[in-house]
Amino acid sequence: MRAIVQSASVRAALAGMPILRGCEDQVLEVLARGAQFVRFASGASVFERGSMPTGLYFVHDGAVRLMSLCLEGRPKVVEIFEPGGMFGEIGVFTGQRYRTWTQAIGAAVLIHVPREQMLAAVQVDNALCNRMLAAVCARTQRLVDAISSTASGTASVRVASYLLEQSERAPRPDTCIVLPAPKRAIASLLNLTPETLSRVLRNMVEEGVLTVGGRRIHVRDKARLIAMVSPGARA
């Protein structure tokens, strides 16, 4: 069950979202009209498969996982959204029922922007419209890359690719990677069993590539990690 948290600072929080930075005040006013903070308990559903879209979600605090059914009928993590991320845009722009569902990873605070306000904002701000399109294209490319890695890459290649992607998002090259979700969720995202993920990480630690402490991972040898995802390593 979710609790609604009203706050006068919702506009300021929206202005801090990466994709909304640079928006004019009038556009932020349109987005903030009817927008609200929404708090979800750990494991709570944000939206269900088959439900109608009500708006766009921005992650203010915590993390959310996007879930789908694999061919065997098992739930699978498709993507993990961290603070500053957004999701639900497909439903916003198509108006079609969701084919996936989302769950909070731990306690999470989101900003819900009503669909009508989001559509009104992109109609008056061409730059925002272009950024939204670019974000959707980038997400599509990431999913294509993930499918390619899952289809042809070994477990080590998948883990190395994921860690390199996470390291690129870190504020500084020497910053530890903090996994956005428990290792079980990361394993599902990479189409691995939790046991396989643990074994791969343990091997990387023994080889001096990583140090691991809970969700915190420090890449000690980035060159080795890059070599793992080279074409020769995929054979």
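The values are calculated or read from the model by the stated rules, or taken from the named source; none is laboratory data. Keep in mind the model is a prediction, meaning the values are calculated, not measured. Neighbour counts run over all protein chains shown; Cβ positions are idealised from the backbone, glycine included.
Checking every residue in segment 97-111 against the condition of being basic (Lys, Arg), over 15 Å from the mean Cα position of the chain (by Cα) and over 23 Å from VAL10 (Cα atoms) gives at least one match.
Got a sec? Which helices (runs of 4 or more DSSP H) wholly within segment 77-158 have at least 2 residues that are more than 30 Å from MET228 (Cβ to Cβ) and either among the small types (Gly, Ala, Ser) or in contact with a Lys or Arg (Cβ under 7 Å, 6 or more places away or on another chain) (or both)? I'd like the intermediate steps shown before the answer.
Details: elements: 89-94, 115-124, 126-152.
Because the criterion is at least 2 residues that are more than 30 Å from MET228 (Cβ to Cβ) and either among the small types (Gly, Ala, Ser) or in contact with a Lys or Arg (Cβ under 7 Å, 6 or more places away or on another chain) (or both), the helices (runs of 4 or more DSSP H) in segment 77-158 that meet it are 89-94, 115-124.
Residues of segment 46-63 being more than 12 Å from the chain's Cα centre (by Cα) and among the aromatic types (Phe, Trp, Tyr), which ones? Within segment 46-63, PHE47 is the sole residue that qualifies. Screening ALA44 against (1) under 27 Å from ALA187 (Cα atoms); (2) at pLDDT below 90 leaves a single unmet condition, (2). I'd like the full set of residues that are assigned to a helix (DSSP H, G or I), more than 26 Å from CYS70 (Cβ to Cβ) and small (Gly, Ala, Ser), limited to segment 178-235. ALA223, ALA227, GLY232, listed by residue number.
Only one of VAL77, VAL59, VAL92, VAL46 is touching an Asp or Glu at 6+ places or on another chain (Cβ under 8 Å) and surrounded by 20 or more Cβ atoms within 10 Å (Cβ to Cβ). Can you tell me which?
Values: VAL77 fails: touching an Asp or Glu at 6+ places or on another chain (Cβ under 8 Å); VAL92 fails: touching an Asp or Glu at 6+ places or on another chain (Cβ under 8 Å); VAL46 fails: touching an Asp or Glu at 6+ places or on another chain (Cβ under 8 Å).
That would be VAL59, the only listed residue that is touching an Asp or Glu at 6+ places or on another chain (Cβ under 8 Å) and surrounded by 20 or more Cβ atoms within 10 Å (Cβ to Cβ).
Here are some residues: VAL27, VAL59, VAL46. Which one is over 19 Å from ALA146 (Cα atoms) and not in a strand (DSSP E or B)? Of the residues listed, the single one that is over 19 Å from ALA146 (Cα atoms) and not in a strand (DSSP E or B) is VAL27. When only residues in segment 62-74 that are under 16 Å from TRP101 (Cβ atoms) and exposed (fewer than 15 other Cβ atoms within 10 Å of the Cβ) count, which is modelled with the highest pLDDT? The residue in question is SER68.
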